[in-house]
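To start, the structure under review is shown below, and the notes come after it.
The values are calculated or read from the model by the stated rules, or taken from the named source; none is laboratory data. Computed from a prediction, not measured in an experiment: that's the story for all the values here. For neighbour counting, all protein chains shown are included, and Cβ atoms are generated from backbone atoms with ideal geometry for every residue, glycine included. With ligands, DNA and RNA removed, areas are computed over all heavy atoms of the protein, side chains included. Shrake-Rupley method; radii C 1.70, N 1.55, O 1.52, S 1.80 Å.
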Amino acid sequence: MPDFSGQTAIVTGGTRGIGKSISEAFLTAGAQVVATYTSNDEAAQAFRDGLKQFEGKLHLRKFDVADYSACEQFFQYVDDELGGCQIVVNNSGIRKDAVVGAMEPADWNRVLEVNLTGTFNMSKFAVRSMMRKRYGRIINITSPCGHFGFRGQANYAASKAGQVGLARSLSKEVASRNITVNCVSPGFIDTELIADLPEDLVKQYKAQVPLGRFGTGTEVAACVLFLASRESSYVTGTTLEVTGGL
């Protein structure tokens, strides 16, 4: 496992699901972690209570990554109180599924705002902070849905494909400052994000996975830690798939 002692990692949506696993992995590897969340105070407190051994190294911040001003204020806090950050993981994501012909405009807009605009907001201010120290790692948690497309998830697929395009462009803009930008694309991971899928659909999806099972948050976190490490310094503008062979 890479050693992240002395580094600060920001994980959006970092108190539940894949984000929770990523936050825990960074803490175990020695990093100071700022885990953000939008609304679920109960889950955030349970997350903190379960990691009392990392008291003083785990910070929770509540705001909406789709809110540009809130992101700006958050990075002011990071710079002023924590001395900046070396790692940002854009993990916040939501689903509001419906076929395009029946999708409400509000559901289209909200998914794009959180998943894609939120990634832009956080990446913009992360880059500004990282450029001053000429080092940084930005990792977007995307999805194979952005490549394959799934019925009823046009908004989600569009947002995830957009994250990949954003990462490719941004990686070229900041490479000279020793900042890398990559994506991790988890397939079917056993978290609450897919807990509402019907049982027959779960069986259908598992049958599509060559490894025959859903992945775990820990398996995704291991890939994120590699891309966040100094050892990954020659990897940028790419997407690492964690899909069980899809």
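Compute the projected area of the convex hull of the Cα atoms of the chain, averaged over all viewing directions, and report it in nm² to one decimal place. Intermediate results must be reported in sequence, preceding the final value.
Working: hull surface 51.4 nm².
Result: 12.8 nm².
Contact order for the chain, expressed relative to its length and based on alpha carbon pairs under 8 Å spaced 6+ residues apart, stands at 20 percent.
Calculate the dipole size of the stretch 131-230 relative to its Cα centre from +1 charges on Lys and Arg beta carbons and -1 charges on Asp and Glu beta carbons; express the result in debye to the nearest 20.
Approximately 780 debye in magnitude.
Pairs of Cα atoms nearer than 8 Å and 6+ residues apart set the relative contact order; for the stretch 88-161 it is 47 percent. Spin-label model, K203/D107: points 7 Å from Cα along the beta carbon direction are separated by 2.5 nm. Across all C-alpha atoms in the stretch 1-87, the radius of gyration and Dmax reach 12.2, 36 Å.
Peptides 224-233, 25-34, 179-188 ranked from most to least packed, by the mean per-residue count of other Cβ atoms within 10 Å: 179-188, 25-34, 224-233. Among the trypsin sites (Lys or Arg not before Pro) in the stretch 60-155, those located in a DSSP loop and surrounded by at most 15 other Cβ atoms within 10 Å of their own Cβ are R132, K133, R134, R151.
Seen against the Cα atoms of the chain and their longest principal axis, helix 68-82 is set at about 40 degrees. Taking only the Cα atoms of the stretch 130-208, the radius of gyration and Dmax are 16.0, 51 Å. Counting only DSSP beta bridges with both residues in the chain, the antiparallel share comes to about 0 percent. Applying the Kirkwood pairwise sum to the alpha-carbon positions of the stretch 70-201 produces a hydrodynamic radius of 15.8 angstrom. For the stretch 190-246 and the stretch 96-113, what is the centre-to-centre distance using only Cα atoms, to the nearest Å? Each part reduced to its Cα centre gives a spacing of 24 Å. Surface analysis of the stretch 165-246 yields an accessible area of 54 Å² per residue, using protein heavy atoms and a 1.4 Å probe.
Solvent-accessible area assigned to carbon and sulfur over the chain amounts to 49 percent, based on a 1.4 Å probe.
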